[in-house]
Amino acid sequence: FFFAHTCLAQDWVVVYPALSVGGDAVIEGRVTKFEVRAQPTDKDGRRDNLRRNLGMLSNVERKNWPVTLHFDQGEWSATTDVEGYFRVALSGVDPSPGWRAVTVNTADAKGEAGLLIVPAANVHGIISDVDDTIQVTEVNSTRRMLSNTLMMNPLQRQAVPGVVEFYRELTRANA
């Protein structure tokens, strides 16, 4: 389950994927002003990537913005903080394992993500950063790190060798 966004007008709603190991869960996200940006392609040049990536470093937060969260049959209301972030605590979540859809609406837009209800039988989990653990960033070289981060888009980045197989093995161990 990856997050998705539908822009109907002026807002950009990002809902972060979440997980629950019991009857409680926390859903978080952010609302900012929508800005049209070209979608990345694997053929983009360094200049296009730099322009797009630098543009993503700034935004206009939606302060004190009302949001409505929909999950299972319930609906919750919240308000964003001064930086546009929202947080909704859920209790009494059905413990049946698997991915569940979460939708957050403003008056103008909708964001979606998944809530993973982790099966009690799972024995392995991962808490990790991304840089040089999941994707090649080369953090030990400032020049290469900035080049990899700003001059490439997600479709052009490389996974750390062996990480895909490692994640597949963990998935099999939890099945």
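The values are calculated or read from the model by the stated rules, or taken from the named source; none is laboratory data. This one's a predicted model, so the numbers in the text were calculated from it and none came from an experiment. Note that each Cβ is placed from the backbone with ideal geometry, even for glycine, and that neighbours are counted across all protein chains shown. The accessibility values were calculated without ligands, DNA or RNA, using every heavy atom of the protein model including side chains. Shrake-Rupley method; radii C 1.70, N 1.55, O 1.52, S 1.80 Å.
Among the residues of region 124-146, those that are among the small types (Gly, Ala, Ser) and either within 24 Å of Glu165 (Cα to Cα) or not in a loop (DSSP other than H, G, I, E, B) (or both) comprise Gly125, Ser128. Looking across region 17-29, the residues that are open to solvent by less than 40 Å² (accessible area, probe 1.4 Å) and outside any loop (DSSP other than H, G, I, E, B) come down to Ala18, Ser20, Ala25, Ile27, Gly29. Could you tell me which of the residues Thr103, Thr137 is touching a helix residue (DSSP H, G or I) at 6+ places or on another chain (Cβ under 7 Å), surrounded by 12 or more Cβ atoms within 10 Å (Cβ to Cβ) and of a type in the set (Ser, Thr, Tyr)? Exactly one residue qualifies, and that residue is Thr137.
Selection of region 35-59 for residues being of a type in the set (S, T, N, Q), closer than 28 Å to Val82 by Cα and assigned to a helix (DSSP H, G or I) yields only Asn53. Taking each residue of region 41-64 that is closer than 18 Å to Val13 by Cβ and looking for partners that are small (Gly, Ala, Ser) and in a loop (DSSP other than H, G, I, E, B) with beta-carbon atoms closer than 7 Å, six or more apart or interchain, yields Glu61/Gly84; Arg62/Gly84; Lys63/Gly84. The sole residue among Ala113, Ala159 that is under 24 Å from Thr41 (Cα atoms) and loosely packed, with under 13 Cβ neighbours inside 10 Å is Ala159.
Taking region 30-43 as the range and being open to solvent by 30 Å² or more (accessible area, probe 1.4 Å) and not basic (Lys, Arg) as the test, the residues that pass are Phe34, Glu35, Val36, Ala38, Gln39, Pro40, Thr41, Asp42. Is there a residue in region 74-83 that is surrounded by 10 or more Cβ atoms within 10 Å (Cβ to Cβ), free of Cβ contacts under 8 Å to residues at least 12 places away in the same chain and among the charged types (D, E, K, R)? Yes, region 74-83 contains at least one residue that is surrounded by 10 or more Cβ atoms within 10 Å (Cβ to Cβ), free of Cβ contacts under 8 Å to residues at least 12 places away in the same chain and among the charged types (D, E, K, R).
Only residues that are of a type in the set (Asp, Glu) and either in a strand (DSSP E or B) or touching a Pro at 6+ places or on another chain (Cβ under 6 Å) (or both) were counted in region 60-117, giving 3.
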